[in-house]
Amino acid sequence: MPATTDEGPHAHPATPAGFPAAEPPVLVSLLKASHPLPAAAVTALTALLAAAVGLGPGAGAKAVAAVAAGQLSIGWCNDRLDVGRDRAAGRRDKPLAAGTVRPAAVGTAACAALLACVPLSLACGVLAGGVHLGCVAAAWSYNLWLKHTIASWLPYAAAFGLLPAFLTLALPGNPWPPLWLSAAAALLATGAHFANVLPDIEGDLASGVLGLPQRLGRRRSIAAAALLAFASCAVLTVGPTGPVTVGGGLLLAATLALCLLAVAGPPALARGRLPFVVVLAMAGVDAALLVLAGRALAPGHL
């Protein structure tokens, strides 16, 4: 599942005269090149969903391990492919661009994690494993090609839309999740794609990265991210059977307010980080609702 994020350059404190700049250990640099924060976020979400679905400790651990391996492979693949662009942009926050880890080491790590992902995924069952490997393949297609095209959103929608299926297919009887849950996950991930590029959209345009958000521009990408996050929240609120709860209605109203702030706020806001923070807050609400909705995936509800 795509979990790549390109944060802007960070200022580094000046090294005192006469002292060489201290380099982090190779393993630390290698870990940083894997995009650890988004990888950890996707893995943690998987763990919460696995518990909500009703997977036991053993089956849940196998699913989490498979997702962790897949996320590591995706992050390392992304940084290895972007090394030339990051060096040209002077990205000292990137280990490969800063020279603290070798490209060969990152490429080897990406391939090793991908190879490990195959048996870990299949250990969850042939159907479940096949679905997860399809998710990872979608993410690699983003890194290798689709990232630079108008279809850059598609791997996000496909990979995260299938995440609930990966977990439910690991249950006895191999049930598929309800369509509304898969749709909500796909909407959330697509919105996250638009939000993810906001901090670096100008730099991406300058370096020739022309995914759909970059082609739409900052203002329209903010609107797309907010509307997609709100749509995900709406689906998660009204999708389950039974009446909408008071808590669900309040969360939906809060998400709508955040959506309006991001979409209809003054133009000056679009140039700052506030829209990015607002959309992240909406995504956090959606992720919480997605986990809560996992009870609809538990045995007896499918």
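The values are calculated or read from the model by the stated rules, or taken from the named source; none is laboratory data. Fair warning: this is a prediction, and the values are worked out from it, not measured in the lab. Positions of Cβ are generated from backbone atoms using ideal geometry, with glycine treated the same way; all protein chains shown enter the neighbour counts.
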Expected output for region 84-109 (first residue acidic (D, E), partner surrounded by 17 or more Cβ atoms within 10 Å (Cβ to Cβ), Cβ below 6 Å, 6+ apart or cross-chain) is D86/K94; D86/A97
Looking at V101, is it in the same structural domain as P155 (by TED's automatic domain parsing), out of contact with any Cys (no Cβ under 7 Å at 6 or more places or on another chain) and not in a helix (DSSP H, G or I)? yes
Out of curiosity, is A262 at pLDDT below 85, of a type in the set (A, V, I, L, M, F, W, C) and in the same structural domain as V291 (by TED's automatic domain parsing)? yes
Consider A223 carefully, then state whether it is farther than 29 Å from V131 by Cα and either touching a residue at least 12 places away in the same chain (Cβ under 8 Å) or in contact with a Gly (Cβ under 6 Å, 6 or more places away or on another chain) (or both). yes
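Table: residues versus (1) on the phi < 0 side of the Ramachandran plot; (2) surrounded by 22 or more Cβ atoms within 10 Å (Cβ to Cβ); (3) hydroxyl-bearing (S, T, Y).
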| position | (1), (2), (3) |
| --- | --- |
| T108 | yes, no, yes |
| C111 | yes, no, no |
| G125 | no, no, no |
| A128 | yes, yes, no |
| A139 | yes, yes, no |
| A170 | yes, yes, no |
| L188 | yes, yes, no |
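Any idea how many residues of region 205-222 are within 17 Å of V279 (Cβ to Cβ) and crowded, with 19+ Cβ neighbours inside 10 Å?
Of the residues in region 205-222, 6 are within 17 Å of V279 (Cβ to Cβ) and crowded, with 19+ Cβ neighbours inside 10 Å.
Do any helices (runs of 4 or more DSSP H) lying entirely in region 134-253 carry at least 3 residues that are among the hydrophobic types (A, V, I, L, M, F, W, C), and which ones are they?
In region 134-253, the matching helices (runs of 4 or more DSSP H) lie at 154-161, 163-168, 179-196, 201-207, 218-238.
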